[in-house]
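Please find one structure pasted underneath; my questions will follow.
The values are calculated or read from the model by the stated rules, or taken from the named source; none is laboratory data. These numbers come from a predicted model, not from an experiment. Neighbour counts are summed over all protein chains in view; Cβ atoms, including those assigned to glycine, are modelled from backbone coordinates with ideal geometry.
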Amino acid sequence: MNEKKGSLHPITQVTREIYDIFKEIGFDIAEGPEIENEYYNFDTLNVPADHPARDMWDTFWLKPLEAKKLLRTHTSPVQIRYMENHKPPIKIIAPGKVYRNEATDATHEAQFYQLEGLMIGENISLADLKGTLKYFFEKFLGDKVEIRFRPSFFPFVEPGVEVDMKWKGKWLEMGGAGLVNPKVFEAVGIDPTEWQGFAFGFGLDRIAMLKFGIDDVRYLYNGDLRLINQF
Ligand code: YSA
C-alpha cells in the first residue's frame, strides 16, 4: 500500500537538524520546565524586581499570583538550572517552547520556540561566539553567511549584542547574545575570574521560517495540513 504516513512538523525537523550540527562540535542538549518561577526566569538572570528590563518580556503569570509562577518567557532559565548542576567547562544548547503575553503578527506568536546556547570555558571571547554562530548558520543553511553584532542590552550578559545575519542581501535579526555577566556566574557559584562564557538565544520559528521560506509564523501553529504536509 502506498498510504502517506504524514510528516514531521517543520519545527521538529529544524530542531533535529540543529541537534546534529551542535553535537558534532561537542555541545550537549539541556532541557528545563515550561512552568518556571520568577527566580529562574528573572532573578538569577540579573533582572531585579521592578527593573524596567523586566518589561522586555510580557509575562503570563499563573494563579495564585503569590506563588510567583509563570510560563517561561525565554529559554535562558535553562542556562541557570544547568550551571547549578554542572561544573564548567560547559557546552549546551537548549531548544524549547516559550510564552509571551503579546499580540500576534507575521513574526510574533504568543507561543513560540527559542534556541538557547551556552558555552563556558577559559578565555572565551566574543570571537568564539561569532565563530560558533557562523559555523552553525553555514552548516544549517548550506551557504556562506555573514554575521553582524549590534550592541544591545540583556541584563544577563555584558557586553550584550543583537545578532543579525545577512540572508539574500538583507540583514535579518536572529536573536540576542553576549558574554555571560559575572553576576550570573556568582548567582550559580561559578568563579568569574576563572571562567568566561558566551550565551545566545534565537527565535527557532524564525530560523525555520528562513530555512523553509515560510513568511508568517502563525502558519506553523494553525494546524493546516496543507502547510505541514509540504515538509
Ligand atoms: C540574549 C542573550 C543571551 O545571553 C541569551 C539569550 C538571549 C535572548 C533573550 N533571552 C531573549 O529572549 N531575547 S528576545 O526577547 O529578543 O527574544 C529572542 C528572539 O526570540 C528574538 O530575536 C526573536 O527571534 C524571537 N522572538 C521574540 N519574541 C517572539 C519571537 N519569535 C516569535 N514570536 C515572538 N513573539
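Going through region 89-110 one residue at a time, which ones are farther than 24 Å from Phe22 by Cβ and more than 16 Å from the chain's Cα centre (by Cα)?
Correct list: Asn101, Glu102, Ala103, Thr104, Asp105, Ala106.
Scan region 145-155 and tell me whether some residue there is in contact with a Pro (Cβ under 9 Å, 6 or more places away or on another chain), buried (at least 21 other Cβ atoms within 10 Å of the Cβ) and modelled with pLDDT of 95 or more.
Looking for residues that are in contact with a Pro (Cβ under 9 Å, 6 or more places away or on another chain), buried (at least 21 other Cβ atoms within 10 Å of the Cβ) and modelled with pLDDT of 95 or more, one finds none in region 145-155, hence no.
Follow-up. Looking at region 96-109, I want the residues that are under 20 Å from Val78 (Cα atoms) and have a partner that is more than 6 Å from the ligand (Cβ to nearest atom) and in a strand (DSSP E or B) with Cβ atoms under 6 Å, at least 6 apart or on another chain. Which pairs are those?
Filtered contacts from region 96-109: Lys97/Tyr113; Tyr99/Leu71; Tyr99/Gln111.
Let me confirm something: among Phe140, Phe112, which residue is in contact with an Asp or Glu (Cβ under 9 Å, 6 or more places away or on another chain), surrounded by fewer than 20 Cβ atoms within 10 Å (Cβ to Cβ) and hydrophobic (A, V, I, L, M, F, W, C)?
Phe140 is the lone residue from the list that is in contact with an Asp or Glu (Cβ under 9 Å, 6 or more places away or on another chain), surrounded by fewer than 20 Cβ atoms within 10 Å (Cβ to Cβ) and hydrophobic (A, V, I, L, M, F, W, C).
Please specify each residue of region 33-89 satisfying the condition of being more than 16 Å from Pro155 (Cβ to Cβ) and among the acidic types (Asp, Glu).
Answer for region 33-89, where residues must be more than 16 Å from Pro155 (Cβ to Cβ) and among the acidic types (Asp, Glu): Glu34, Glu36, Asp58, Glu66, Glu84.
Are there helices (runs of 4 or more DSSP H) fully within region 177-231 with at least 3 residues that are touching a strand residue (DSSP E or B) at 6+ places or on another chain (Cβ under 9 Å)? List them.
The helices (runs of 4 or more DSSP H) meeting that bar are 182-187, 204-212.
Here is a further query. Taking region 110-125 on its own, how many of its residues are more than 14 Å from the ligand (Cβ to nearest atom) and within 23 Å of Pro77 (Cβ to Cβ)?
Of the residues in region 110-125, 1 are more than 14 Å from the ligand (Cβ to nearest atom) and within 23 Å of Pro77 (Cβ to Cβ).
Report the residue count in region 22-47 for those that are within 16 Å of Leu71 (Cα to Cα) and of a type in the set (S, T, N, Q).
Number satisfying all stated conditions: 2.
Hey, Asp164 hits all of (1) near the ligand (Cβ under 8 Å from one of its atoms); (2) in contact with a Phe, Trp or Tyr (Cβ under 8 Å, 6 or more places away or on another chain) but one; which does it fall short on?
With respect to (1) near the ligand (Cβ under 8 Å from one of its atoms); (2) in contact with a Phe, Trp or Tyr (Cβ under 8 Å, 6 or more places away or on another chain), Asp164 is out only on (1).
A further question follows. Name the one entry in Asp128, Asp143 that is outside any helix (DSSP H, G or I), among the acidic types (Asp, Glu) and away from the ligand (no atom under 12 Å from the Cβ).
Just one listed residue meets the conditions, Asp143.
Follow-up question, since we're still on this one. Just the residues that are in contact with a strand residue (DSSP E or B) (Cβ under 6 Å, 6 or more places away or on another chain), more than 9 Å from the ligand (Cβ to nearest atom) and not basic (Lys, Arg), please, taken from region 83-98.
Result: Pro88, Pro89, Ile90, Ile92, Ile93, Ala94, Pro95.
Among the residues of region 23-63, which ones are more than 18 Å from Phe185 (Cβ to Cβ) and of a type in the set (Val, Ile, Thr)?
Of everything in region 23-63, those that are more than 18 Å from Phe185 (Cβ to Cβ) and of a type in the set (Val, Ile, Thr) turn out to be Ile25, Ile29, Ile35, Thr59.
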